1. Please verify whether the range 88-102 includes one or more residues that are farther than 13 Å from Val46 by Cα and among the polar types (S, T, N, Q).
2. For Glu8, indicate whether it is among the acidic types (Asp, Glu) and without any contact (Cβ under 8 Å) to a residue 12 or more places away in the chain.
3. Answer yes or no: is there a residue in the range 56-69 that is touching a residue at least 24 places away in the same chain (Cβ under 8 Å), within 16 Å of Thr98 (Cβ to Cβ) and in a loop (DSSP other than H, G, I, E, B).
4. Can you tell me which of Thr73, Thr14 is touching a residue at least 24 places away in the same chain (Cβ under 8 Å), outside any helix (DSSP H, G or I) and farther than 21 Å from Gln95 by Cβ?
5. When you check Leu81 against the structure, is it touching a Phe, Trp or Tyr at 6+ places or on another chain (Cβ under 6 Å) and either in a strand (DSSP E or B) or within 17 Å of Phe17 (Cβ to Cβ) (or both), yes or no?
6. Answer yes if at least one residue in the range 7-28 is of a type outside the set (Ser, Thr, Tyr) and on the phi > 0 side of the Ramachandran plot, and no otherwise.
Amino acid sequence: MRLEYNFELSQVDTPCFSVESVEGINKLFTLSALVLNVFSTRDRVVLVFHGVNPDDPARKLGAFEAILTSSPTAPKLQVDLGPKGRVPGSASYYQWVTIRKA
């Protein structure tokens, strides 16, 4: 399934992004740069990390945090873990997280 849509950052109060655990490390670098750019106009973003292994979301989140906070332009950040679990009837696990400028 392919879904295409357009929106502007100015149309949402809190931007949300999704990261699949099987996506390569390049996706985390791209997401980190995007989140840093979003922080120039917003105070928080919401992310959902997901994968087929129960440990995947936490591992991907850890790598993302390491990349994001290594930036010389990264503001001081607060990471708030949200709901996590397994999608009923599937082999997909997820972890929601809100990242805020501290």
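1. Yes, the conditions are met somewhere in the range 88-102.
2. Taking the combined requirement at face value, the residue satisfies it.
3. No, the conditions are met nowhere in the range 56-69.
4. The conditions single out Thr73.
5. no
6. Checked against the condition, which is being of a type outside the set (Ser, Thr, Tyr) and on the phi > 0 side of the Ramachandran plot, the range 7-28 yields no hits at all.
None of the figures in this text is laboratory data; all of them are computed from the coordinates on show. Note that the structure is predicted; figures quoted are calculated from it, not measured. Every residue, glycine among them, receives a Cβ derived from its backbone with ideal geometry; neighbour counts consider all protein chains shown.
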